[in-house]
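Novice: Submitted below is the structure of interest, expressed as structure tokens.
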Amino acid sequence: MAGEAPFSYRTRATALESMQAQPVDLLVIGGGITGAGVARDAALRGFRTALVDSGDFGGGTSSRSSRLIHGGLRYLEHYNFRLVREASRERRVLLTIAPHLVRPLRFVFPVYGGARVPPWRLRAGMWLYDLLAGFRNVHVHRWLSPAKAREAEPGLRDKDLRGAALYWDAQTDDARLVVATLRGAAQAGALVANYSAVTSFIHAEGRVVGVVVKDSLSGEERIVRALVVVNAAGPWVDRVRRLDAPAAATLLRPSKGAHAIVRRDRLGLRDAVTLTSPLDGRVMFLLPWNDLAYIGTTETENVSLDDVRATGEDVTYLLRSANAIFPQARLAPSDVIATWAGLRPLLARDKNVSAGQVPREHRIVTSPSGLITIAGGKLTTYRVMGRDVVDLVAQRLKRLDKRAVPPRAATDVVPLPGGEIAALDVMMQSVRMKELPAATARHLVASYGTESAAILNLVAKNKVLGGPLVPGRPEIRAEVVYAVEREMALRLTDVLIRRLHLFYEDPQHGAGVAANVARKMTELLNWDSTREDDEIGDYLEEVRKSREFLREVGRPSQVARSSFGG
């Protein structure tokens, strides 16, 4: 593949041909954050690794999370100290290996009289939270008086305010974290392909020895043989298990979490805010994202895996909860710029236990045919999940062909692509020297880190690519080329939803530039006019579906009014 971009539609085609031509040591099914972590770890240990996903990378849960890398403060309520300790350690690791994508974030947690969590309990929990992190969080927590809490977040409801905890966690761009991890896997030698669905398993003497992969774009089928197959399909792991064994037991009970985005200035939000919803006591967040803020999340059980969206009921709950704590905001459904919803891959437990009480631990299960399934877990601990799976794979390969077990990969030290420099301000200065607007420089460094240099090279070759995609916004045209040539974006939705996020952040959801972006992708991917039109139509349908909640909400005045005092 000399002379080719390291992670593009061309390398996808080559990867599919290569995994068909020669058996792999490990085939990973699922290109979300869990599968990405498995593939990167395995490739760094020297295993011949392949990964396929039926859609785009992170197209499911891994691009629809709360975008938090956190120790899991709420898990303390359930005495899950081991998970908090593990997550706190992983937060430190990700802040180090992906400083451009994982950034420290300050939180204010206000406490009100009569709330489910009283002040004394929160103060004790904060000390325990810092202790389990070995007092190695970004900063140690502080307790704020009611006056100091209002000074920190002037929009907070004053009535019954008893004080607030100020503490630190981290925020990430979840979709880009998946792509960076997979690019790291590819750089280590993994064969990676999106839009490649596993349709059936191949068995020999009762064991899984391969799969049939169907190219979701061309319809072409390939046989991929593998010594070990790992099912890392997130909320869909049970479906994959039943391709292997139709009677396989259920491992998961997925629950839906929805989020809504509004303008940050409507809340007057300075930092992130953790709160317990006055509606049901659920812990939720108000989180800043540049000049926007997103509110989340809900908890809905017994949901369809095929129709995951934020409903009018979800949006009403989120807005009422936010208005109760920020009464001057008076948010109404018309203030919602965008929504998203994802599925949590919660482990199946006692049906009498609510989804909110199910721990976010992971479980590795091996079927009688040898299929390894990784289920459960959370975004923050994906690297540990990958390590644990590859430990098992290494032992399996040793039994199969007597090979030596390699040492664990240094996934906690090797930076993800773009994360090779901790001093991002130095990179920022370098980007600013290219005479780009300050907002664009910040956006490029925050999204690509050191990889910003590749985008600047595109602009140097063609000045037109330095222009904004949407007037007044920081994204530039070169990013479309970069997404196709270096991030394996194959569809218009890949670019506008997961690579650039215009779907969520632009008030027009990127609809105004969809045709222009599709035209550029036609040039890069050799689409015909029918395919170009279909891509635009499919994207605009996604925009339409994302606004369906507006037909389902109650009267705006009922949503905006706070019944919890001001």
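The values are calculated or read from the model by the stated rules, or taken from the named source; none is laboratory data. The shown structure was predicted, so the numbers you read here are calculated from the model rather than taken from an experiment. Here the Cβ is made from the backbone with ideal geometry for all residues, glycine too, and neighbour counts use every protein chain on show.
Novice: Here is a list: Gly37, Gly72, Gly30. Which entry is more than 24 Å from Val481 (Cα to Cα) and touching a Ser or Thr at 6+ places or on another chain (Cβ under 7 Å)?
Specialist: Just a single option satisfies the conditions, and that option is Gly37.
Novice: For the range 411-453, which residues satisfy the criterion of being in a helix (DSSP H, G or I), among the hydroxyl-bearing types (Ser, Thr, Tyr) and within 26 Å of Arg383 (Cβ to Cβ)?
Specialist: Ser447, Tyr448, Thr450, Ser452
Novice: Which of the residues that make up the range 455-481 are in a helix (DSSP H, G or I) and either closer than 23 Å to Glu542 by Cα or among the β-branched types (Val, Ile, Thr) (or both)?
Specialist: Answer for the range 455-481, where residues must be in a helix (DSSP H, G or I) and either closer than 23 Å to Glu542 by Cα or among the β-branched types (Val, Ile, Thr) (or both): Ile455, Val459, Val464, Glu479, Val480, Val481.
Novice: Are any residues in the range 69-99 crowded, with 24+ Cβ neighbours inside 10 Å, modelled with pLDDT of 90 or more and outside any helix (DSSP H, G or I), and if so, which ones?
Specialist: Ile69, His70, Ala98
Novice: Could you list, in sequence order, the residues of the range 255-264 that are buried (at least 20 other Cβ atoms within 10 Å of the Cβ) and over 11 Å from Ala341 (Cα atoms)?
Specialist: Quick first cut of the range 255-264, residues buried (at least 20 other Cβ atoms within 10 Å of the Cβ) only: 255-262.
Matches in the range 255-264: Ile261, Val262.
Novice: Let me ask you something else. Against the conditions (1) under 30 Å from Tyr504 (Cα atoms); (2) touching a Ser or Thr at 6+ places or on another chain (Cβ under 9 Å), where does Asp244 fall short? Just the number, please.
Specialist: Here Asp244 meets the rest and fails (1).
Novice: Identify all residues within the range 300-325 that are modelled with pLDDT under 90 and either out of contact with any helix residue (DSSP H, G or I) (no Cβ under 8 Å at 6 or more places or on another chain) or closer than 24 Å to Tyr112 by Cα (or both); write none if there are none.
Specialist: Hits for the range 300-325 are Asn302, Val303, Ser304, Asp306, Asp307.
Novice: Also: Is it fair to say Val38 is among the β-branched types (Val, Ile, Thr), crowded, with 24+ Cβ neighbours inside 10 Å and part of a helix (DSSP H, G or I)?
Specialist: Against the criterion (among the β-branched types (Val, Ile, Thr), crowded, with 24+ Cβ neighbours inside 10 Å and part of a helix (DSSP H, G or I)), Val38 qualifies.
Novice: Within the set of pairs 6 or more residues apart or between chains, which connect a residue that is on the phi > 0 side of the Ramachandran plot inside the range 110-139 to a residue that is in a loop (DSSP other than H, G, I, E, B) with Cβ atoms less than 8 Å apart?
Specialist: From residues that are on the phi > 0 side of the Ramachandran plot, the pairs are Gly114/Asp160.
Novice: List every residue pair whose Cβ atoms lie under 6 Å apart, where the two residues are 6 or more positions apart in sequence or sit on different chains, the first residue falls within the range 230-248 and is surrounded by fewer than 24 Cβ atoms within 10 Å (Cβ to Cβ), and the second residue, located anywhere, is among the charged types (D, E, K, R).
Specialist: Pairs found: Ala248/Arg241; Ala248/Arg242.
Novice: Of the conditions (1) at pLDDT 95 or above; (2) in a helix (DSSP H, G or I), Arg157 satisfies every one except a single condition; which number is it?
Specialist: Evaluating Arg157 over (1) at pLDDT 95 or above; (2) in a helix (DSSP H, G or I) leaves (2) as the failure.
Novice: Could you please give the count of residues in the range 527-546 that are without any contact (Cβ under 8 Å) to a residue 24 or more places away in the chain and either closer than 19 Å to Asp56 by Cβ or in a helix (DSSP H, G or I) (or both)?
Specialist: Narrowing the range 527-546 to residues without any contact (Cβ under 8 Å) to a residue 24 or more places away in the chain: 527-534, 537, 541, 544.
Pick out the ones that are also either closer than 19 Å to Asp56 by Cβ or in a helix (DSSP H, G or I) (or both) and you get 527, 529-534, 537, 541, 544.
The number of residues fulfilling the criteria is 10.
Novice: Taking the options Glu451, Glu475, Glu479, Glu487, name whichever one is modelled with pLDDT under 95 and acidic (Asp, Glu).
Specialist: Glu451
Novice: Next question, about the same structure. Considering only the range 495-526, state which residues are of a type outside the set (Gly, Ala, Ser), in a helix (DSSP H, G or I) and over 20 Å from the mean Cα position of the chain (by Cα).
Specialist: Matches in the range 495-526: Val513, Asn516, Val517, Arg519, Lys520, Met521, Thr522, Glu523, Leu524, Leu525.
Novice: Return the residues of the range 429-449 that are of a type in the set (A, V, I, L, M, F, W, C) and out of contact with any Ser or Thr (no Cβ under 9 Å at 6 or more places or on another chain); say none if nothing qualifies.
Specialist: Met433, Leu436, Ala438, Ala439, Ala446
Novice: Sticking with this structure for a sec: Identify all residues within the range 177-221 that are part of a helix (DSSP H, G or I) and in contact with a helix residue (DSSP H, G or I) (Cβ under 6 Å, 6 or more places away or on another chain); write none if there are none.
Specialist: Of everything in the range 177-221, those that are part of a helix (DSSP H, G or I) and in contact with a helix residue (DSSP H, G or I) (Cβ under 6 Å, 6 or more places away or on another chain) turn out to be Val178, Thr181, Leu182, Gly184, Ala185.
Novice: Would you say Arg85 is free of Cβ contacts under 8 Å to residues at least 60 places away in the same chain, of a type in the set (D, E, K, R) and in contact with a Leu (Cβ under 6 Å, 6 or more places away or on another chain)?
Specialist: The answer is yes for Arg85.
Novice: Exactly one condition in (1) modelled with pLDDT of 95 or more; (2) more than 21 Å from the chain's Cα centre (by Cα); (3) surrounded by 15 or more Cβ atoms within 10 Å (Cβ to Cβ) is false for Asn137; which is it?
Specialist: Of the numbered conditions (1) modelled with pLDDT of 95 or more; (2) more than 21 Å from the chain's Cα centre (by Cα); (3) surrounded by 15 or more Cβ atoms within 10 Å (Cβ to Cβ), the odd one out for Asn137 is (1).
Novice: Tell me which of these Tyr129 doesn't satisfy, since it passes every other one: (1) at pLDDT 95 or above; (2) hydroxyl-bearing (Ser, Thr, Tyr); (3) assigned by TED's automatic domain parsing to the domain that holds Gly257.
Specialist: In the conditions (1) at pLDDT 95 or above; (2) hydroxyl-bearing (Ser, Thr, Tyr); (3) assigned by TED's automatic domain parsing to the domain that holds Gly257, Tyr129 misses (1) alone.
Novice: Can you tell me which residue is surrounded by the fewest Cβ atoms within 10 Å (Cβ to Cβ) among those in the range 357-380 that are at pLDDT below 65 and in contact with a strand residue (DSSP E or B) (Cβ under 8 Å, 6 or more places away or on another chain)?
Specialist: That would be Pro359.
Novice: Follow-up question, since we're still on this one. List every residue pair whose Cβ atoms sit under 6 Å apart, with the two residues 6 or more apart in sequence or on different chains, where the first one lies in the range 416-429 and is without any contact (Cβ under 8 Å) to a residue 12 or more places away in the chain and assigned by TED's automatic domain parsing to the domain that holds Arg383 and the second, anywhere, is surrounded by 17 or more Cβ atoms within 10 Å (Cβ to Cβ) and aliphatic (A, V, I, L, M).
Specialist: none
Novice: Here is a further query. When residues of the range 429-444 are filtered for being touching a helix residue (DSSP H, G or I) at 6+ places or on another chain (Cβ under 7 Å), surrounded by fewer than 20 Cβ atoms within 10 Å (Cβ to Cβ) and within 20 Å of Val481 (Cβ to Cβ), how many remain?
Specialist: Count: 1.
Novice: Ser321 fails exactly one of the following numbered conditions: (1) farther than 26 Å from Ile33 by Cα; (2) polar (S, T, N, Q); (3) in contact (Cβ under 8 Å) with a residue 60 or more places away in the chain. What is the number of that condition?
Specialist: Condition not satisfied by Ser321: (3).
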